[in-house]
Amino acid sequence: MSNDRVGSLLDVQANVQVSAQVNAQTPLLDRISTPADLRALVTADLPQLADELRRDVIAAAADTGGHFGAGLGVVELTVALHYVYQTPDDRLIWDVSHQAYPHKVLTGRRTRMRTIRKRGGLHGFTSRTESAFDAFGAAHSSTSISAAFGMAVAAAHKKSDRRAVAVIGDGAMSAGMAFEALNNAGASQVPLTVILNDNDMSIAPSVGALTNYLKDLKARRAPLNDAEIAAALAGTSHAEKTWFEQFGFRYIGPLDGHNVLQLVTVLKAVRAMSGPVLVHVLTEKGHGHPFQAAHAEKYHAVDRFDLHTGAMNKPTAAAPTYTKVFAQALMEEAARDPDVVAITAAMPSGTGLDAFAKAYPDRFFDVGIAEQHAVTFAAGLAAEGLKPFATIYSCFLQRAFDQVVHDVALQRLPVRFAIDRAGLVGADGATHAGAFDLAYLTCLPDMVVMAAADEAELKHMIATCVAIDDRPSAVRFPRGEGIGVALPERGEALPIGKGRVVQEGTEIALVSLGTRLNECRKAAEHLMDQGLSVTIADARFAKPIDEALIDKLAQTHEVLITVEEGSIGGFGSHVLAFLAQSGRLDTGLKVRTLTLPDRFLPHGKPEEQYEEAGLQARHIADTALSALGRQPRAAAVRLSGRIAAAGVRQWR
């Protein structure tokens, strides 16, 4: 084991010891290593256990930050589910699973909670590779009912009495996939339990007609008391039928989701029922949080904080985030053009569009967790002459690929896609990585695809999208802060399919797409220190590529290297295809394409992920040297442990 690894483990152990001192009053929780230990408790102990569990989750979050509010809202529900259901033999599926921190604590991972979302540590979401208690991996919304129904059908096929439970929020319930699953499962007689965790929230407050229906239902029906629960379980309740019952589910609720004893009573009866059952549970996102101030997203995600004062340890930003630059640029364009409108799929703050919504409330549309609808809705707006910006994270736009193809690209409708979280995203890991958008968008005819190298370029690309009115366009940009370049007073439309030369040389051409441009600059410095002449080009466009620029670089350089923050099949593949078809590969040109590796990269800090991906400056320089037949620096000395880490830091 390397010294670095030992050091990190010692740090984790120290954090665990400190938190144990702060939060030592957990006598019941200390007895639980697995849910089997939980099921050995008497029912009367469960309220105290829930209190201890909530304090433990808060203490862990103080040390690590991360998803926070959702987990606090389901503490009692988590205790009740593991108390009643025979997990892991019974399958418990958490929709999205950012609410699964209490679940992780109760399923043998308590001592590792301070490693969550860190390299080599626990996943921030459920993962089948992490624990047998994580029946289904998740991180995207509205998949739980489909997965649970599949497992329930499999159990029935095997003549097993195993039960499957899906826990889904009211925000996630509004997505089309959840409706599809309800439609399918409600027509069956397979035992399936769906827990509707109703807290009026997704990340932001829930929106849409289903949200209004649930609000009306709650206004007409208070949480059931013990007598009403007994009547509901016996089937003697005379309440009017709900929408869920008309879908074929037996409906029980609404219930107080913070009354663990009631939840246990209901779930024991539900586990024995046949056919699909929906249990409607009312919870408060962020329930029991230690902070004084209210929060619009109920403390969905937090930075590390002081456990005693609640003060957040948020680092000071050195430059505005790309998200903020995008939102400000879009508002400036909207001020000049009344046809500019913005769409989000339940991510107003994550996409920066909360500011746009305040400035232009009539031109902002939050469609809920509904990326497919968002894209086709944007297509309808574009068909009528508006200029819609469908602002969706790269990993979530994947969910709407057919709509991008069939409803937008095939009809050449000028929908503008603002693709946030392009490239690797750090602690959220592989589920949220923006790895594939370059490949799945550049394969579409007539699509214009741009990637911003810095904040100023992003502002120009937003202006370019506004100007494109005869075909769809997209601009991708990463999570996190920019590099601090000065912003132009106004974005200017760029010539379509034209890159720019940042530095001229004669031997090696580094062609960057997106924010690896800075790493290319560092690589060029190292190569020039070895007497090599280096050209650096910013491609700007992944499609159409700048064929004239690529052709010129191919004619005048011995080595051409493309660098991008995306999977194979994107920019580099298009450059390579052009060079092959034009005959430039017939003359001895050495071409290398640097992309993300063909595997899912684990969570960690972004710089750690890019190190593993081989897209840092030293990797670019080593690739150039290897192409020239020279010994790469990294191969000259085999480093490990702290020495290797020091070598990496030297390059940053």
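The values are calculated or read from the model by the stated rules, or taken from the named source; none is laboratory data. For clarity, every value in this text was computed on a predicted model and none was experimentally measured. Using ideal geometry, Cβ is built from the backbone for each residue, glycine included, and neighbour counts are taken over all protein chains shown. SASA here: full protein model, heavy atoms, side chains in, ligands and nucleic acids out. Shrake-Rupley method; radii C 1.70, N 1.55, O 1.52, S 1.80 Å.
Table for the structure above
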read-out: Which listed pairs, of LYS159/LYS268; LYS324/LYS522; LYS543/LYS605, have C-alpha distances above 23 Å, in listed order; value: LYS324/LYS522; LYS543/LYS605
read-out: Mean Cβ count within 10 Å, highest first, over the residues of peptides 447-460, 542-555; value: 447-460, 542-555
read-out: Segments 102-113, 388-399, 499-510 sorted - mean Cβ within 10 Å per residue, highest first; value: 388-399, 102-113, 499-510
read-out: Assigned charges on the beta-carbon of Lys, Arg, Asp, Glu; the chain dipole about Cα centre (debye); value: 1360
read-out: Carbon and sulfur %, accessible surface of the chain computed with the full protein complex present, 1.4 Å; value: 51
read-out: With Cα atoms, 0 to 90° folded angle of helix 617-627 axis to the chain main axis; value: 50
read-out: Helix 75-84 vs. the chain, principal-axis angle (Cα, 0 to 90°, nearest 10); value: 60
read-out: Summed side-chain charge close to ALA467 - residues other than ALA467 whose Cβ falls under 11 Å, Lys, Arg +1, Asp, Glu -1; value: -3
read-out: Alpha-carbon centroids, the range 430-490 and the range 55-69: separation in whole Å; value: 34
read-out: Rg over Rh [alpha-carbon atoms, Kirkwood Rh] for the range 75-210; value: 0.97
read-out: Residue-normalised accessible area of the chain, expressed per residue, 1.4 Å probe, Å²; value: 40
read-out: Computed Kirkwood radius, in angstrom, where 1/r is averaged over Cα pairs of the range 235-327; value: 17.6
read-out: Equivalent-ellipsoid semi-axes of the chain, from the Cα gyration tensor, Å, largest first; value: 47, 30, 22
read-out: For the range 410-458, diffusion coefficient by Stokes-Einstein and Kirkwood Rh (Cα), 20 °C, 1.002 mPa s, µm²/s; value: 171
read-out: Helix 209-220 vs. the chain, principal-axis angle (Cα, 0 to 90°, nearest 10); value: 20
read-out: Cβ-based net charge around ALA222, under 15 Å, with every Lys or Arg adding one and every Asp or Glu removing one; value: -2
read-out: Computed label-point distance, nm, for sites SER274 and ASP470 using a 7 Å Cα→Cβ extension; value: 6.5
read-out: Formal net charge of residues neighbouring ASP51 (Cβ-Cβ distance under 13 Å; K, R +1; D, E -1); value: -2
read-out: Distance between the range 517-574 and the range 358-419 - C-alpha centres, whole angstrom; value: 32
read-out: Gap separating the Cα centres of the range 209-259 and the range 111-179, nearest whole Å; value: 25
